[in-house]
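One structure below.
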Amino acid sequence: MDNILRFRDDGASEEPAVTLDSFFDQSNATAVRLEDGEDARQLIPYLDRLAMIEIGFSAFGDGRGYSAARILREHGYTGELRAQGDVLVDQLAFMRRCGFDSFAPEKPINAADAKKALARWEEVYQNAADGRKPIWSKRHE
């Protein structure tokens, strides 16, 4: 896939992502894909062996993928977390806050536009999976 925007320092996973059902039937898969409505919590016992989890977005307005990303990060997943499908440039910052660090949009996004979108808001207002400190907590430093 040529239109992957990746914001990680480690090497990209070369293994294709298998479906969730296929993942449970294999013992050696290190990349898995979650579709709309599949429960990310099923992967929690296997997070230490997964190099990449791809979460499908069939429609930009479907927020279940954001929740799946947050669940995986809150349970300690440190591997690549890729949003794939109907991903728009104006969603990237919010997806990043939920824990995504790689994007494979159906329609290519200019890399410069993506970086600009990710840097748009210097401060944040709430805790999230990206670990950024909320602005309100800096008041008493």
Yes or no: region 77-88 includes at least one residue that is surrounded by fewer than 19 Cβ atoms within 10 Å (Cβ to Cβ) and either touching a Phe, Trp or Tyr at 6+ places or on another chain (Cβ under 8 Å) or of a type in the set (D, E, K, R) (or both).
yes
Among (1) free of Cβ contacts under 8 Å to residues at least 12 places away in the same chain; (2) out of contact with any strand residue (DSSP E or B) (no Cβ under 8 Å at 6 or more places or on another chain), there is one condition Arg64 misses while meeting the rest; what is its number?
(1)
Residue hits (region 1-35; polar (S, T, N, Q), surrounded by 14 or more Cβ atoms within 10 Å (Cβ to Cβ) and free of Cβ contacts under 8 Å to residues at least 60 places away in the same chain) are Thr19, Thr30
Count, please, the residues in region 95-106 that happen to be at pLDDT below 90 and surrounded by fewer than 19 Cβ atoms within 10 Å (Cβ to Cβ).
0
Would you mention how many residues in region 42-93 are more than 14 Å from Ile4 (Cα to Cα), in a helix (DSSP H, G or I) and touching a helix residue (DSSP H, G or I) at 6+ places or on another chain (Cβ under 6 Å)?
7
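The values are calculated or read from the model by the stated rules, or taken from the named source; none is laboratory data. Owing to the predicted nature of the structure, the values given are computational and were not obtained by experimental measurement. Glycine gets a Cβ as well: all are built from the backbone with ideal geometry, and neighbour counts include every protein chain shown.
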